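Read the structure below first, then the notes.
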Amino acid sequence: MARTVRCALLKIETDGLDYQPYPGELGKRVYENVSKMAWQQWLNHQTMLINEYRLSPIEPKARKFLEGEMEKFFFGGGSEAPPDFKSG
């Protein structure tokens with residue numbers, strides 16, 4: 001049976017993640033409070049941030065930035081797109 005969570009982003013009770021998708025306390029918080037659907041939205045947003053800011057996820061500074069954006073995306077009022085970003 002699928003695990004359900006009250007999603008912090010979508011504000012609905014829906015399918016939770018199957019595993020902790022990120023290490024540490026933030027990963028635990030995401031696992032306990034974020035749905036599969038919201039996680040997919042984050043992955044899309046993260047990809048846009050990586051592309052627009054030309055980030056290399058292996059660099060500690062880029063990882064720290066993305067971690068901060070993930071925190072804002074799910075728990076802090078949202079992560080903004082870059083100022084000159086134009087969607088598709």
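None of the figures in this text is laboratory data; all of them are computed from the coordinates on show. It should be emphasised that the depicted structure is a prediction, and the values quoted were computed from it without experimental measurement. Here the Cβ is made from the backbone with ideal geometry for all residues, glycine too, and neighbour counts use every protein chain on show.
Using a Förster distance of 25 Å, how high is the FRET efficiency between residue 18 and residue 43, based on the Cβ-Cβ distance and rounded to 0.05?
Working: r = 14 Å, r/R0 = 0.58.
With a Förster radius of 25 Å, E is 0.95.
When a footprinting reagent is the concern and you count Cβ atoms within 10 Å, what order do 19, 53, 31 take, fewest first?
Values: 19 6, 53 13, 31 18.
Ordered by Cβ neighbours within 10 Å, fewest first: 19, 53, 31.
Where is the GNM fluctuation largest for the chain (alpha-carbon springs, 10 angstrom cutoff): 77, 27, 16?
Judging by the Gaussian network model, the answer is 77.
Take the alpha carbon atoms of the chain, find their radius of gyration, then divide it by 2.2 N^0.38 Å using N residues; give the quotient.
1.11
With respect to the cross-link table entries 11/61; 28/72; 36/72; 36/64, which display a Cα-Cα separation exceeding 21 Å? Don't skip to the answer; put the middle values down first.
Numbers: 11/61 31 Å; 28/72 15 Å; 36/72 17 Å; 36/64 23 Å.
Exceeds cut-off: 11/61; 36/64.
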